[in-house]
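One structure is given here, and the rest of the page talks about it.
The values are calculated or read from the model by the stated rules, or taken from the named source; none is laboratory data. Predicted model only: the values in this text are computed from it and were never measured. Here the Cβ positions follow ideal geometry from the backbone for every residue, glycine too, while neighbour counts run over all protein chains shown. Calculation scope for accessible area: heavy atoms of the full protein, side chains included, ligands and nucleic acids excluded. Shrake-Rupley method; radii C 1.70, N 1.55, O 1.52, S 1.80 Å.
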Amino acid sequence: MSKSKPENATVVTTEDELEQMARMFKALSNPHRLRIYRELASCVCKSVAKSPEEFRNCQCGFAERFGLAPSTVSHHFKELREAGLIHMKREAKTVLFWVDQEAADKLRHVLNG
């Protein structure tokens, strides 16, 4: 029985797209970054499309929850952002992060075949 692919499946075809995917997987190869990404991505409801504002999550609690130094968490967020996996927005003293939906869709497509 073959899996049917959704009509809106993102296809990675060019060398640039493959290089971008490699950067994403490299960023996620660190267990702490994978854990941070998974926590941010868990805000996403699979069957309901939501605005980016609903996916935002503040960085402030990650250091305590993961038992890491704040500077280490900041570095991991920077790596995830540079890989195109998350977005960042500063609001006064708060830094908000959320998952890039297009990147998440590409990851799902590659992992699901």
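Collect the residues in the stretch 88-101 that are surrounded by 10 or more Cβ atoms within 10 Å (Cβ to Cβ) and either charged (D, E, K, R) or assigned to a helix (DSSP H, G or I) (or both), keeping them in residue-number order.
K89, D100, Q101
Give P52, P70, P6 a once-over and let me know the one that is open to solvent by 40 Å² or more (accessible area, probe 1.4 Å), closer than 14 Å to A103 by Cβ, modelled with pLDDT under 90 and not aliphatic (A, V, I, L, M).
None of the others qualify; the one that does is P52.
Which residues, taken from the stretch 12-32, are outside any helix (DSSP H, G or I) and either within 19 Å of H75 (Cα to Cα) or at pLDDT 95 or above (or both)?
Passing the criteria: S29, N30.
Between a residue in the stretch 94-113 that is under 16 Å from E39 (Cα atoms) and touching a residue at least 40 places away in the same chain (Cβ under 8 Å) and any residue that is among the polar types (S, T, N, Q) and part of a helix (DSSP H, G or I), which pairs come within a Cβ distance under 9 Å, given they are 6 or more apart or on different chains?
Cβ pairs passing all conditions: L96/Q59; F97/Q59; A103/Q20.
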